[in-house]
């Protein structure tokens, strides 16, 4: 049976007493609750009924929830417990009294460069930690980024031990446990996926295995939205969104807010590259780029592009460095100009003079000469026989005498040639 606001006061698994409903979505409903054993406030997420009936989904969800329970980081909502009670699957999490980035955007429109980068840097820290443990979030979006303090303000209902002092801000990623289990379900429920699909990396939307670069892409979309108040690509359907993402490049955030440094714009656009190899491959890389961009420094290129970028930068600045008068600055030498000293010459034995090739032996040439004469004689005999046969004139005919004279002349010429070539 599905949970409703009337569930207040109900006890889950004899331990967690439900309080006010904190929020709900297509996959779950979240309640504030009291852990009767440890006497602390927690959040209990009850899976939607249609998901609780899916055995494969529940199995994936439980495996992922157990893995996420091992993630202990100040920028990740801690998972305390998971279980099933009367057919309802639930997870028990750290209670965060703040606002989500989605709520902040709804209230303020856009958050500005400094707040946006501060939120993103903390989110990067949580993602980097999770990635090192082998966990990919897969569903980074404004609703899954909780902000305590800072732009979210001081909580109204007292404080808990994890709340930061006034003026400080803490960002916590939530919903790690449900992300992997829900991935396939989200992709097959067209009616509920359009909003979430805007944050899916292209390779993730194609059904490929998610990597840390997919979480970087999703966070890049969130940062773009915090800076501009809008998504980099918008579409009313999945098909329209996919077409725009393939055929259009997003406008730089500076186009919407001139207070956004161009260097920060470039850092965000690097994270939105369609090919995973062309964007930042780790959350740490993205964090460094965001901080550099906010400071007005050219953000580093993604790791896969960095060698090319460094080479082109060195080539562009080499002439300036070469004319430096400071003796402490070494003039860089491009890789192409570094030529190792030639090896010492190696004495090689001089080749012995080659004697002129002697011609064929006298005997060999004599044999060839007689062979040629014999061939000529046979040819002459054949021609003479043919003439005699055809003319019936024998040697008395004019044609016969003419041919005979020609043959005799050719034989004489051949004899002269052989005599000139024989010793």
For the peptides 123-129, 269-275, what is the packing order when you average, over each peptide's residues, the other Cβ atoms within 10 Å and list the highest mean first?
123-129, 269-275
Provide the gained length on full extension for the span residue 54 to residue 209, in nm with one decimal, where the gain is 0.36 nm per separating residue minus the Cα-Cα distance.
53.6 nm
Calculate the spin-label point distance for residue 103 paired with residue 132, positioning each point 7 Å from the Cα along the beta-carbon direction, and give it in nanometres.
3.1
Subtracting the Cα-Cα distance of residue 246 and residue 40 from 0.36 nm times their residue separation yields 69.3 nm
Pop the C-beta distance of residue 22 and residue 262 into the FRET formula with R0 = 51 Å and round what comes out to the nearest 0.05.
0.80
Most to least packed among 95-106, 234-245, 77-88, 278-289 [average Cβ atoms within 10 Å]:
278-289, 95-106, 77-88, 234-245
Based on the Cβ-Cβ distance from residue 231 to residue 13, what FRET efficiency comes out when R0 is 35 Å, to the nearest 0.05?
0.30
Taking 0.36 nm per residue of sequence separation and subtracting the Cα-Cα distance, how much length would be gained by fully extending the chain between residue 239 and residue 278, in nm to one decimal?
11.7 nm
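All of the numbers you see were taken from the coordinates with simple rules; none came from a lab. Just so it is clear, the structure is predicted and the values come from calculations on it, not from any experiment. Here the Cβ is made from the backbone with ideal geometry for all residues, glycine too, and neighbour counts use every protein chain on show.
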